[in-house]
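Single-structure report; data block below.
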């Protein structure tokens, strides 16, 4: 028997780990010996010493650590501290970050590295350690390979990670669920594809959805790499979730071009805010998609996203990747502007990372792509994008992330783009260069945005202030509004009186204002859009 500690190091406290609970379920189901398993969840912000002390307090024989690109640097440092704190501890690593460079992690201090799926290989390793006679393929200081399960779904292959202990530990954080494993595609920058897709049994999946929706969590994220790759199955689960009596949000990663009309009609019937869809576009530049084996019908994806947005009931998140082979700065600007025109609620601009095990990393030298040696292995330059080009894109990304993607200053952005004739990428890049936000307070950021925008050609300062005041009310209920946006119009008291009469309650003074156009505006701080989270505004004209 082994006393086992499964350690998850999450990116943020609000995140929870699914993998460690699945491994615990695998031990309970497949181990031949009886092992005592405990689970600890930490975050990358916690000092390694504190995490090691927490591990040491439980005095385990074996610690298993789930390792990913976001926590690899922390795990590397933690290995050294664990060795000093618990010299006899057996350390086992698993996860995508170590599966393709196992020998490197053995050299860094791990005793074993599990490659691939771990629900069966981890209990087998524990049995071997517990017996004191590891088999040949489980010899010390050697990686352990795990063959994928066969693609035939069966109840025997399905682990239920949602124990009573799981729900006790969840504490309202974001919950994760897996209903399929693998991906039918094999993009050159990704690790998920190439092995086909194994779908988990439908009825147990539905039971898990119910349990999670009753757990107190507000958000349930499906980790399926392409949730709608099998249209009929996706339709059944969407229909089931839409019909639930719950306030939970359900997040899915989807391929936008795979939706058929029947599914689009179903999604249009979803209660507002029930579903969130994340669609990876990556690029609109076809040579870049071809070079990375990215299969996507660009026109259909774009059309389907627009149809989904017309319903105004689903939060839509789309992704672009900067740094793909053959896509120059000019090409990327075109991709960005085309993606921005879709008007999704989030446009995530990411940067290409050359993951261990990905085809692009294998071919990086041939392609003459330079990238950071340390996680997250971000590309620094290529024959198509110079280091200066990447700095330019990062300026745009900074402004995009702190405005549009946080649903800030949306009408102001639209006004400035229309007034100046600037292309979206150009405007965000100039804003990011002029007002770089590295943790700036929102009030100061708003002041500096106003100063930058008001200095652009053809921007009317009065009209800009009108838009920014309304945006501030919608996103922040008027709280901490910059002085440059406030008016001294004494009719404000009439706006407050009108608001209180209409809302039938007392409001705060900052929730009402007189706009530069002479209209009154107030915000209903108790009425938020279920999709965007923005507050409802009320306008009126003075007699």
Within the range 279-302, residues closer than 16 Å to residue 337 by Cα and either outside the structural domain of residue 352 (by TED's automatic domain parsing) or assigned to a helix (DSSP H, G or I) (or both) come out as 286, 298, 299, 301, 302
All but one of (1) farther than 21 Å from residue 281 by Cα; (2) without any contact (Cβ under 8 Å) to a residue 60 or more places away in the chain hold for residue 378; state the number of the condition that does not hold. (1)
Being part of a loop (DSSP other than H, G, I, E, B) and touching a residue at least 60 places away in the same chain (Cβ under 8 Å) is the filter; apply it to the range 108-133 and report the residue that is surrounded by the most Cβ atoms within 10 Å (Cβ to Cβ). 118
Provide a single number: the residues in the range 370-394 that are buried (at least 18 other Cβ atoms within 10 Å of the Cβ) and assigned to a strand (DSSP E or B). 2
Inspect all residues belonging to the range 12-31 and state whether any of them is within 27 Å of the chain's Cα centre (by Cα) and in a strand (DSSP E or B). no
Scanning for something touching a strand residue (DSSP E or B) at 6+ places or on another chain (Cβ under 7 Å), more than 17 Å from residue 412 (Cβ to Cβ), in a helix (DSSP H, G or I) and in contact (Cβ under 8 Å) with a residue 24 or more places away in the chain, does the range 510-532 turn up at least one residue? yes
Count - residues of the range 479-496 that are buried (at least 16 other Cβ atoms within 10 Å of the Cβ) and within 16 Å of residue 450 (Cα to Cα): 4
Every listed condition ((1) assigned to a loop (DSSP other than H, G, I, E, B); (2) farther than 30 Å from residue 464 by Cα; (3) not assigned by TED's automatic domain parsing to the domain that holds residue 285) holds for residue 408 save (2)
Go through the range 262-278 and give me each residue that's part of a helix (DSSP H, G or I) and within 29 Å of residue 321 (Cβ to Cβ). 263, 264, 267
Condition set without any contact (Cβ under 8 Å) to a residue 60 or more places away in the chain and touching a helix residue (DSSP H, G or I) at 6+ places or on another chain (Cβ under 7 Å), scope the range 405-419, selection surrounded by the most Cβ atoms within 10 Å (Cβ to Cβ): answer is 412
Any chance the range 350-363 includes a residue that's at pLDDT 95 or above, surrounded by fewer than 20 Cβ atoms within 10 Å (Cβ to Cβ) and closer than 19 Å to residue 429 by Cβ? yes
Residues satisfying the stated conditions in the range 183-209, i.e. surrounded by fewer than 21 Cβ atoms within 10 Å (Cβ to Cβ), within 30 Å of residue 287 (Cα to Cα) and in contact (Cβ under 8 Å) with a residue 24 or more places away in the chain: 184, 185, 186, 188, 191, 192, 193, 195, 196, 197
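The values are calculated or read from the model by the stated rules, or taken from the named source; none is laboratory data. As the structure is a computational prediction, the values presented were derived from the model and not from experiment. Ideal geometry is used to build each Cβ from the backbone, glycine not excepted, and the neighbour counts take in all protein chains shown.
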